[in-house]
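What follows is a short report on a single structure.
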Amino acid sequence: MALNNATIQKAKDLLNIPDNYKVLFMQGGGTGMFSAIPMNLIGKTGKADYIVTGQWSAKAAKEAQKHGKINQVYPKLDKYGKIPEQGSWKMDPEAAYVYYCANETVDGVEFQEIPETNGVPLIGDMSSNIFSRPIDVSKFGVIFGGAQKNIGPSGVTIVIIREDLMGNALSYTPTVLDFAIIAKDNSLFNTPPTFAIYAMSLVFDWIINNGGVEEMEQRAIKKSSLLYNTIDQSGEFYTNNVEKDCRSRMNVVFRIKNDEGLENDFVKEAKSFGLIGLKGHRSVGGIRASIYNAVLPEHSQRLVDFMRKFQENHQ
């Protein structure tokens, strides 16, 4: 109980969470929330809007279709790498909520602004960028995030929910996914993932001691800018196909002359520089540099130095 309460308070302090929101620690990861969100929220009208900008929001929309009528607010994109202008979105006036993924890790697409929903509850999957920048929580109905990117080890999912949105779960919602029940028992309805919550608490201490989410944002800008500038100045040796206004600060994706063999060489040679985990997601290939909070600016600089050396050797 004491650990839960202390960790919740640290999350509230870091994100300035208003008093009319509950912080829950749940299980099932972001994928579990793909089901929990519609089961808890769609019952009001049976309808919801989904903004699909990459693989994770697409999976969330597909899962939500099991529980109600889902409207994708613009036609399916030919390829992921942009966010259509909000003026082109066709919103359902009867939607119970609007859902989006704030950062698409596979496709390297990140919202730099919060979507405007004109009072309809906004649901944000922030699994990969929560605590990397300040957030105006009051603009959201629900924010959730799996821990394993910026919060701690996998096994716990943080859910920040406005109190008035609880208590309307569909009748078949599993008890462990019912936000109202979890909130009533202060996230202790069942045995919690204690170690994961403890590690989360330590990570929150680290963020607080390193300048809070404001400093995390400045570091993210610096780290990602180093990489994008190197890509853009490489004479198309390296290419990033995401529109510049929605390039991710967390996941920098790029190709190397569209040459898979060269990309494999890049991954292998990078290891000798102490650089690992650079292979792109298996569904898209290429290279992906994930630069979450724990990655420091000097680490990004080390990758940039290697990228320049690799280009010199393989031009």
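Within the stretch 161-186, which residues are assigned to a helix (DSSP H, G or I), exposed (fewer than 14 other Cβ atoms within 10 Å of the Cβ) and out of contact with any helix residue (DSSP H, G or I) (no Cβ under 7 Å at 6 or more places or on another chain)?
D164
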Query raised in the report: Quick check: is even one residue across the stretch 46-53 touching a Lys or Arg at 6+ places or on another chain (Cβ under 8 Å), surrounded by 15 or more Cβ atoms within 10 Å (Cβ to Cβ) and not in a loop (DSSP other than H, G, I, E, B)?
Result: yes
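Okay, residues lined up against (1) under 23 Å from the mean Cα position of the chain (by Cα); (2) open to solvent by 60 Å² or more (accessible area, probe 1.4 Å):
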residue: D245; (1), (2): yes, yes
residue: N264; (1), (2): no, no
residue: V267; (1), (2): no, no
residue: K271; (1), (2): no, yes
residue: Y292; (1), (2): yes, no
residue: Q301; (1), (2): no, yes
Report summary line: Pairing a residue in the stretch 73-88 that is loosely packed, with under 14 Cβ neighbours inside 10 Å with any residue that is assigned to a helix (DSSP H, G or I), where Cβ atoms lie under 9 Å and the two sit 6 or more apart in sequence or on different chains, gives K76/A58
Query raised in the report: How many residues does the stretch 56-72 hold that are open to solvent by less than 40 Å² (accessible area, probe 1.4 Å) and of a type in the set (S, T, N, Q)?
Result: 1
Query raised in the report: When the stretch 227-271 is examined, which residues are found to be part of a strand (DSSP E or B) and within 21 Å of S132 (Cα to Cα)?
Result: R247, N251, V252, V253
Report summary line: Residues in the stretch 5-26 that are buried (at least 19 other Cβ atoms within 10 Å of the Cβ) and of a type in the set (S, T, N, Q) total 1
**Report entry** Residues of the stretch 201-220 that turn out to be assigned to a helix (DSSP H, G or I), closer than 27 Å to Q301 by Cα and open to solvent by less than 60 Å² (accessible area, probe 1.4 Å), as a count
**Finding:** 10
Requested in this report: Go through the stretch 274-283 and count every residue that is modelled with pLDDT under 90 and open to solvent by less than 60 Å² (accessible area, probe 1.4 Å).
Outcome: 1
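The values are calculated or read from the model by the stated rules, or taken from the named source; none is laboratory data. Here the structure is a predicted model, which is why all the values come from computation and not from measurement. Every residue, glycine among them, receives a Cβ derived from its backbone with ideal geometry; neighbour counts consider all protein chains shown. When the accessible area is computed, the model is the full protein with side chains, heavy atoms only, and any ligands, DNA or RNA have been set aside. Shrake-Rupley method; radii C 1.70, N 1.55, O 1.52, S 1.80 Å.
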